[in-house]
Structure formats: C-alpha cells, structure tokens
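Beneath this line is the structure, given in structure tokens, with notes to follow.
Throughout, read-outs are computed from the coordinates displayed, never taken from laboratory work. Source: prediction; values computed, not measured. Cβ placement follows ideal geometry from the backbone for every residue including glycine, while neighbour counts extend to all protein chains displayed.
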Ligand code: F6R
C-alpha cells in the first residue's frame with residue numbers, strides 16, 4: 001500500500017485529484033469508481049479547476065458510483081445522483097450517458113443491483129475506485145458484519161444511520177430506510193483503490209483498518225488484501241496509523 005500523508009484537508013484533496021488526473025490523462029477512456037460524502041468534495045473541486053484550465057478531458061471517461069438511497073429521486077437534494085451533478089458532472093465535459101449511479105426509484109431494487117453489476121462488468125471493470133471511510137470502518141454502505149463476498153446489493157440502513165440522516169429530511173417518514181451499494185467484492189475487483197481520509201475523528205478507524213485483523217467487523221480492513229491501494233490522508237487522520245507501522 002502506498003501512503004501519502006498531507007498537512008491538511010486541502011492538500012489531501014489536491015493529492016487525490018492528482019492521482020485521479022494521472023489516471024484520466026494516461027487512460028482517457030478510464031472507468032472511474034466514485035464516492036460521495038464530505039471527504040471527496042475538495043478533490044472534485046480541484047478536478048473541476050483543472051478541467052476549466054484545459055488540463056483534463058472527461059469526454060471518454062466513464063463513471064460508476066458506489067451507492068444510492070432507495071426511494072430518492074435523482075433530483076432529490078440528498079440523493080447521490082444530485083451530489084454527483086452538483087460536485088462534478090455539471091461542471092465538466094462528461095457524457096451523461098457515461099455516468100452510472102444506481103436508480104433510487106427503481107421499482108425492483110434487487111433487479112437494479114443485478115443490472116448495475118452487469119453495467120460494471122460490461123464496462124470491463126473499474127480502473128480506479130475512490131473511497132471514503134466511515135468511523136466504524138464502513139466503505140460504500142457496507143457496514144460492520146456485512147458479508148465480504150457480495151457485489152452490488154440492497155442494504156437496510158441501521159437505526160443509527162436513519163436517525164443521523166433525519167436532519168436532512170422534512171419528516172421521519174421521508175428518511176430512506178434502505179440503500180443500494182456496491183459490495184466489498186465489487187470494490188475489491190477494481191484494479192486500483194484510492195482511499196481518502198481526513199480528520200482526527202477518523203484516526204482510530206484508519207489505524208484499526210490497517211494494523212488490525214482483516215474482518216467483516218471492520219469492512220475497510222479487507223483493503224489490506226488488495227494489491228494496489230493508495231491511501232491519501234491528512235496528518236490528523238493518519239497520525240495513529242503512522243505511529244503503529
Ligand atoms: C459515499 C460512501 C460512504 C462514505 C463514508 C465517509 O459514497 O459510500 O462510505 O465514503 O461514509 O463519509 P464522509 O466522507 O462524509 O466522512
């Protein structure tokens with residue numbers, strides 16, 4: 001595993017954008033696996049800046065996102081579709097037909113997951129998968145205890161996640177109870193992984209993921225077994241891991 005420790009969130013974002021840019025420049029037809037959440041926002045901003053300067057061309061790039069809430073329309077402010085439009089797709093010359101996010105409104109979410117797996121396979125697999133990580137070590141919506149051997153599947157969100165998400169919705173009834181997520185198997189099949197972590201509050205999880213046992217109780221620990229992982233994190237998130245390596 002290659003580790004880049006940066007001073008702060010901004011330099012972490014720039015380093016991650018560097019890695020993704022290199023992928024885009026070296027292989028303009030790359031399949032990028034993308035993540036949402038707060039961690040990659042700065043990376044997307046940097047990519048847009050470089051695109052506007054004329055340094056990046058997304059016209060032949062294809063993307064597949066990690067996850068989406070079941071029941072949210074693509075235009076819903078909390079949907080990951082909407083996040084991707086806002087943070088990247090609306091600002092670069094990517095062909096909308098080349099972007100893939102599971103359809104939160106699919107009448108048959110299980111069928112949607114099967115279709116999504118086919119899409120990934122038909123694209124020839126993911127060249128580089130961007131990941132963030134939860135405080136409990138989750139990647140995508142793969143929570144502790146979930147099986148390692150799944151591709152895209154439907155997950156029931158934990159009561160904790162539902163409660164935490166409630167603030168983003170008008171009423172408790174509107175809060176999604178399920179999500180579709182690439183499974184650990186889908187993530188592990190990506191040729192390269194780019195894991196981004198920022199902030200002191202992630203330090204313990206990062207340390208456990210890479211110095212502890214590989215176990216479904218700490219989903220990110222599976223990345224110890226991937227042959228090509230680049231971990232980019234700021235000093236606050238990596239401090240504990242660095243002490244223990
Ligand atoms: C996002 C995703 C999640 C997040 C993780 C960290 O598509 O699947 O696993 O990467 O929850 O979220 P942030 O970056 O908000 O700390």
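Of note:
- Among 72, 225, 194: highest mean-square fluctuation, GNM of the chain, C-alpha pairs under 10 Å: 225
- Our summary gives the chain a relative contact order of 25 percent, counting only alpha carbon pairs under 8 angstrom and 6 or more residues apart.
- Dividing the mean sequence gap of close Cα pairs (under 8 Å, 6+ apart) by how many residues segment 1-72 holds gives a relative contact order of 39 percent.
- Calculated FRET efficiency, residue 49 to residue 215, Cβ-Cβ distance, R0 = 51 Å: about 0.80 to the nearest 0.05.
- Over segment 169-245, relative contact order from alpha-carbon pairs under 8 Å, at least 6 apart, %: 38 percent
- Cα gyration tensor, segment 178-245 - rounded (a/c under 1.5), prolate or oblate: prolate
- From helices alone, the chain scores -10000 deg cm²/dmol at 222 nm; the rule is -39500 (n - 2.57) for each run of n ≥ 4 DSSP H residues, then divide by the residue total.
- Tensor-based shape of segment 129-245 (alpha-carbon gyration tensor, a/c under 1.5 rounded, otherwise prolate or oblate): oblate
- Stretching residue 11 away from residue 105 to a fully extended chain increases their span by 30.2 nm, per 0.36 nm per residue minus the current alpha-carbon distance.
- With the simple spin-label model, which puts each label point 7 Å out from Cα in the Cβ direction, the residue 26 to residue 239 separation comes to 3.3 nm.
- Tensor-based shape of segment 1-72 (alpha-carbon gyration tensor, a/c under 1.5 rounded, otherwise prolate or oblate): oblate
- Between residue 147 and residue 174, the contour length at 0.36 nm per residue exceeds the alpha carbon distance by 6.9 nm.
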